[in-house]
Every structure is written in structure tokens, then in C-alpha cells.
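In what follows, a single structure is set out as C-alpha cells and then discussed.
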Amino acid sequence: MKASSEDVSLNAVREDLDQLRADLKNVMEALGKLNSDAGDAVKDQAARAAGTIGRKAEDIFENLKGEGDRVSKLLTAAVNEHPYSSLAIALAIGIIIGRTLDRR
């Protein structure tokens, strides 16, 4: 009788281990799918963020380009109105930069 109850217990343990293996396999598959879904969601969010950043960068570039054009026109007008003063200022800046670089 003792051998029979040990066989039943051993079979029960084997069945429990088999069930545990199956459950573990299901959990691992579910985690893999969850990881894949989370990765896809992160990729989608990153793509949307990159698109938004790209559009904002284009807007900033266009604003800076417009501001640069405006400043260039102002400088050109100032030089045209005061050519000798502009030349004297440019010469002074050149001398200052030359002396600064000479000291190094």
C-alpha cells in the first residue's frame, strides 16, 4: 500500500510540475508580447515627438532666417547712409581683433 501512495504522490508532483512549466511558459509568452507592445508604443511616441521637434525646428529656423534678413537689410542701409563711419568702425574692430590675436 505504501508504494501505491508514493506513486500517487509522485504522479501528483509530476502533474503539478508539468502544470507549473505550462503556466511559466504562458507567463513568459505574455511578458514577451507585453514587451513587444510596450516597445511599439515607445517607438510611436518617439516618432511623434521627433516629428513635433522637427516642425518646431523648422519654425525656429524660418524665424531666425527672417530676423537675419531683417538685420542684414538694416546693416546695409546703415552702411549706405554712413559709409565713412562704417569704414572707420570696421577698421577699429580689425585693429582690436588683430592686437588681441597678436598677444596670444
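The values are calculated or read from the model by the stated rules, or taken from the named source; none is laboratory data. The structure displayed is predicted, hence computed values, not measured ones. All Cβ positions, glycine included, derive from the backbone under ideal geometry; neighbour counts span all protein chains shown. Side chains included, ligands, DNA and RNA excluded: accessible areas come from the protein's heavy atoms. Shrake-Rupley method; radii C 1.70, N 1.55, O 1.52, S 1.80 Å.
Roughly how many nanometres apart are two label points built 7 Å out from the Cα toward the Cβ at D23 and R99?
8.6
Hey, could you get me the Stokes-Einstein D for region 6-61, Kirkwood radius over alpha-carbon pairs, 4 °C and 1.567 mPa s, rounded to whole µm² s⁻¹? It would help to have the intermediate numbers written out before the result.
Values: Rh = 15.1 Å.
For the chosen part, D equals 86 µm²/s.
Considering only protein heavy atoms and a 1.4 Å probe, what is the carbon-and-sulfur percentage of the accessible area of the chain? Show your work: numbers first, answer last.
Numbers: 5920 of 9510 Å².
Carbon and sulfur together cover 62 percent of it.
Report the full-extension gain for the segment T52 to L34: residue separation times 0.36 nm, less the Cα-Cα distance, to one decimal in nm. Walk me through the intermediate numbers first.
Values: separation 18, 0.36 × 18 = 6.48 nm, distance 2.69 nm.
3.8 nm is the gain from fully extending T52 to L34.
As a test of the definition: which semi-axes, in Å, follow for the chain when you take the square root of five times each eigenvalue of its alpha carbon gyration tensor? Largest first, please.
Values: eigenvalues 1381, 86, 4 Å².
Equivalent ellipsoid of the chain: 83, 21, 4 Å, largest first.
How much area per residue is accessible in the chain when the probe is 1.4 Å and only protein heavy atoms are counted (Å²)? It would help to have the intermediate numbers written out before the result.
Numbers: 9510 Å² over 104 residues.
So the chain comes to 91 Å² accessible per residue, rounded to a whole number.
Working from Cα positions, state the angle (0 to 90°, nearest 10) between the long axis of helix 2-81 and the longest principal axis of the chain.
10
Return the ratio Rg/(2.2 N^0.38 Å) for region 48-104, where Rg is computed over Cα atoms only.
Details: Rg = 18.8 Å, N = 57, 2.2 N^0.38 = 10.2 Å.
Its radius of gyration relative to the 2.2 N^0.38 Å reference: 1.84.
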